[in-house]
Amino acid sequence: MSNAANESTFGASGDFHRLLCRDAAIAMVAADSDFNIRLWNQSAVKLLGPQVEQMQSQPLSMMMPADMRDLFDRLLERTVTRMETSEFDVRMDDVPHGPKDLTVFLSPVPDADGVIQGLSAWIIDQTRHVQIAQKLDKAEEMASLGTLASGVAHHFNSILGGVSTFVDFALTSGDEASMKRALQMTADASLRASRLTQSLLSFVKHESHRSDLADLTEVILTFAHLVEAP
């Protein structure tokens, strides 16, 4: 592009920069040193709702939910005092097309001498990313529950198998001492099953308790002990 074309496009009138801000794909808001809105582009209209005419000269905090405006004003003061960009996430409920999860970047706008002329706010719609992250978290949670259910089924099966064996031995044994031991082993297995159930309830409540989980090896060893001679 020739110098003449450059001067025509990026002329002193500032039309290029005005159009660049107005039609940018990202929501852009600019405020003066008193934190009053001077720019509210078309992407901000689409994302947040209010028209340009409604927001012109309004306090910048008006873009936030009412219960966050005091905190937002303090953040604006900190941003210009520290001369650094601030970033925060906010969920907007009263916006077009339903609630949105937004990330807001606030940056001071100093002149050549470092004197603050205003602030710029860049607002990014993160709703889709948040929804995807939530779905992934849910999928991971379901996978964990599936693994847990498989393990629990294995342990319950082992315990119930032992109970069945102990009861069958007690019914067929003619020795009273052996019958008592078989019934005691049945009671112990039932207690382990109860403890396993309590551990499951604790897991659901996000508590971490270790449990004495029976496995097939334990049942075999217990049965071997049962049939030993008194």
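Within the accessible surface of the stretch 29-78, defined with a 1.4 Å probe on protein heavy atoms only, the carbon and sulfur portion equals 49 percent. Karplus-derived 3J(HN,Hα) values for the stretch 156-164, using 6.51 cos²θ - 1.76 cosθ + 1.60 with θ = phi - 60°, are 5, 4, 5, 5, 5, x, x, 4, 4 Hz; glycine and proline are entered as x.
Remark on Asn41: its backbone amide H falls under 5 Å from those of Met28, a criterion applied only to residues 5 or more positions apart or on other chains, H modelled at 1.01 Å from N. Computed with every protein chain present, the accessible area of Val90 is close to 10 Å² [probe 1.4 Å].
Shown is the FRET efficiency for Glu84 and Asp137, computed with R0 = 25 Å from the Cβ-Cβ distance and rounded to the nearest 0.05: 0.20.
Taking every alpha-carbon pair under 8 Å whose residues sit at least 6 apart, the stretch 119-210 reaches a relative contact order of 20 percent. When all protein chains stay in place and ligands, DNA and RNA are ignored, the 1.4 Å accessible-area order of Glu53, Glu84, Glu140, largest first, is Glu53, Glu140, Glu84.
The values are calculated or read from the model by the stated rules, or taken from the named source; none is laboratory data. Bear in mind that the values here come from a model prediction, so they are computed numbers and not experimental data. Neighbour counts run over all protein chains shown; Cβ positions are idealised from the backbone, glycine included. Accessible surface is based on the protein model in full, side chains and every heavy atom, while ligands, DNA and RNA are left aside. Shrake-Rupley method; radii C 1.70, N 1.55, O 1.52, S 1.80 Å.
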